Amino acid sequence: MIVQVVSCPQPPLLLPGVTGGLVPEVEKLRSACHEAIAGLATVDTIIVVGGAPDTREYPPDAPLPTGRFAPGLTPAPSDALPASLGVATALIDGVLDRGVELHGIGFATPAEECRQYGRRLAERPGIVGLLVMADGSARRGPKATPSPTSARRPSRCSRRAWSSR
Amino acid sequence: MAIINKTPDSFYDHGATFDDGVALATVGRAVADGADIVDIGGVRAGPGQHVDVDEEVRRVIPFVRQVRARFPDIVISADTWRHEVGRLACEEGADLINDTWACADPSLPEVAAEFSAGYVCSHTGGATPRTRPHRNGYADVVAEVVGDLVARAEHVAARGVPRAGILIDPTHDFGKNTWHSIELTRRIDELAATGWPVLASLSNKDFVGETLAVDVGDRLYGTLAATAVSAWLGATVFRTHNVAATCQILDMVAVLKGTKPPARVVRGLA
């Protein structure tokens, strides 16, 4: 069963190196995410859930998508993780020394299918911790409108990284 | 290509040339400083006050008429994404349509074709006009831009726009973050290799600001560095707020490339 849920935002600027130099407000956000994720240390299984082009599990050792957002830093291999799962992997690295499952949920997945997917995760045996990559209404604003390919569903989620038992 | 903003709220000059008299004087100075083209726009590129067609027409069209009358030899570019504005500008003597929002109005190429005007093809990654990029990602931003712009250039040529009047503009910062704009600058020779003339619109843009951590008023040196590199790599038209400085940079690069002789060489030769 799911005993703990942590939610973190998923901006590409949390991928390593993407801000170029250190940006204090981003490092503050990164630290808050690390602190929240550290709360998952005691569960048996950590499952990461995030938006993706397709609904499927992604290999935890797939490359980060850094090159899609920061060409010149690294190449952008075709098998790179979606941004949400890439950011999660980068945040987990160095905080938790253990394997995780990466579950992408297709951007266009209807709400009921999302619920069913969640129920299946909740029925998993053992003590499961969930890391949900989502930033809801923080993605909106006159200076940060969604790209044509991004999900368009509004949300009332909190802007800050949080965890709850 | 000198930027003439007929706007009260543009990011760089904050409405300094909104007034017709000031704008006309700015055109005169740009021409004297070496500009071959003046690019006249009536809508701020970024988010801001809504400007409908009628208001854009009021801002731009009478001014185009004045510029054409006062400067009969200058190439006038209309910076608009709307076919209504493009048509009226061409009727008043505009020679070029700078479609910064990449055929957001699909009727715009037909206007250029009707008047045998030139056309700037842009890449925005599909962005809606006056929106900023948000988490845009590209497997290879240069390949994406080259593919999109070549297809768009062929598209507008097929609609009847004279091929000799078509330019391609990678459109730095539109649908792109700073890394993408840097990569496009670094590899702008790949755009030049398409054979279409490349317009580089770099002037005081955010990618310069983020690269050097400088505010909008302190981006001239960074802009000129990017201009020099782009000219060296084959870009041929430069949209700029700072005409005199840009012309000096371009003259220097042309001499270094060997495509232009130095202006005066006597030292040690007498």
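Scanning region B:180-197 for residues that are touching a helix residue (DSSP H, G or I) at 6+ places or on another chain (Cβ under 7 Å) and closer than 12 Å to residue B:142 by Cβ yields a total of 11. For region B:96-125, taking the residues that are part of a loop (DSSP other than H, G, I, E, B) and under 14 Å from the mean Cα position of the chain (by Cα), the one that is surrounded by the most Cβ atoms within 10 Å (Cβ to Cβ) is identified as B:99.
When B:236, B:259 are checked against the criterion of being loosely packed, with under 14 Cβ neighbours inside 10 Å, polar (S, T, N, Q) and modelled with pLDDT of 95 or more, B:259 stands alone in meeting it. Would a scan of region B:104-111 turn up a residue that is of a type in the set (Val, Ile, Thr) and away from chain A (no Cβ under 14 Å)? Yes, region B:104-111 contains a residue that is of a type in the set (Val, Ile, Thr) and away from chain A (no Cβ under 14 Å).
Scan region B:87-94 and give yes if some residue there is farther than 18 Å from residue B:7 by Cβ, among the acidic types (Asp, Glu) and assigned to a helix (DSSP H, G or I), otherwise no. Yes, region B:87-94 contains a residue that is farther than 18 Å from residue B:7 by Cβ, among the acidic types (Asp, Glu) and assigned to a helix (DSSP H, G or I). Is it fair to say residue A:151 is within 14 Å of chain B (Cβ to nearest Cβ), modelled with pLDDT of 95 or more, surrounded by 13 or more Cβ atoms within 10 Å (Cβ to Cβ) and closer than 26 Å to residue B:138 by Cβ? It is false that residue A:151 is within 14 Å of chain B (Cβ to nearest Cβ), modelled with pLDDT of 95 or more, surrounded by 13 or more Cβ atoms within 10 Å (Cβ to Cβ) and closer than 26 Å to residue B:138 by Cβ. Restricting attention to region B:129-159 and to residues that are assigned to a loop (DSSP other than H, G, I, E, B) and under 18 Å from the mean Cα position of the chain (by Cα), the residue that is nearest to residue B:195 (Cα to Cα) turns out to be B:129.
Taking (1) surrounded by fewer than 15 Cβ atoms within 10 Å (Cβ to Cβ); (2) touching a Phe, Trp or Tyr at 6+ places or on another chain (Cβ under 6 Å) in turn, residue B:8 satisfies each apart from (1). Of all the numbered requirements in (1) assigned to a loop (DSSP other than H, G, I, E, B); (2) closer than 24 Å to residue B:118 by Cβ, residue B:254 misses one, and that requirement is (1). Residues in region A:94-113 that are without any contact (Cβ under 8 Å) to a residue 60 or more places away in the chain and surrounded by 14 or more Cβ atoms within 10 Å (Cβ to Cβ): A:96, A:100, A:101, A:102, A:103, A:104, A:105, A:106, A:107, A:109. Looking at region A:11-93, the helices (runs of 4 or more DSSP H) lying wholly inside it that each contain 1 or more residues that are away from chain B (no Cβ under 14 Å) sit at A:24-38, A:83-92. Count of region B:184-218 residues, restricted to those that are closer than 18 Å to residue B:146 by Cβ, surrounded by fewer than 22 Cβ atoms within 10 Å (Cβ to Cβ) and within 14 Å of chain A (Cβ to nearest Cβ), is 3. Scanning region B:1-33 for residues that are touching a Ser or Thr at 6+ places or on another chain (Cβ under 9 Å) and among the charged types (D, E, K, R) yields B:6, B:13, B:33. Listed by first and then second residue, the pairs with beta-carbon distance under 7 Å, at least 6 apart or on different chains, first residue in region B:30-53 and at negative phi and of a type outside the set (Gly, Ala, Ser), second surrounded by fewer than 14 Cβ atoms within 10 Å (Cβ to Cβ) and assigned to a loop (DSSP other than H, G, I, E, B), are B:47/A:142; B:47/A:143.
If the condition is being closer than 25 Å to residue B:169 by Cα and in a loop (DSSP other than H, G, I, E, B), then region B:16-49 contributes B:17, B:34, B:35, B:36, B:42, B:43, B:44, B:45, B:46, B:47, B:48.
Could you tell me whether residue B:56 is within 15 Å of residue B:129 (Cβ to Cβ), without any contact (Cβ under 8 Å) to a residue 40 or more places away in the chain and of a type in the set (D, E, K, R)? So residue B:56 fits the description; yes. Scanning region A:24-68 for residues that are of a type in the set (Val, Ile, Thr) and surrounded by 14 or more Cβ atoms within 10 Å (Cβ to Cβ) returns A:26, A:37, A:43, A:45, A:46, A:47, A:48, A:49, A:55, A:66.
The values are calculated or read from the model by the stated rules, or taken from the named source; none is laboratory data. Just so you know, these numbers come straight off a predicted model, no measurement behind them. Cβ atoms come from the backbone with ideal geometry, glycine included; neighbour counts cover every protein chain shown.
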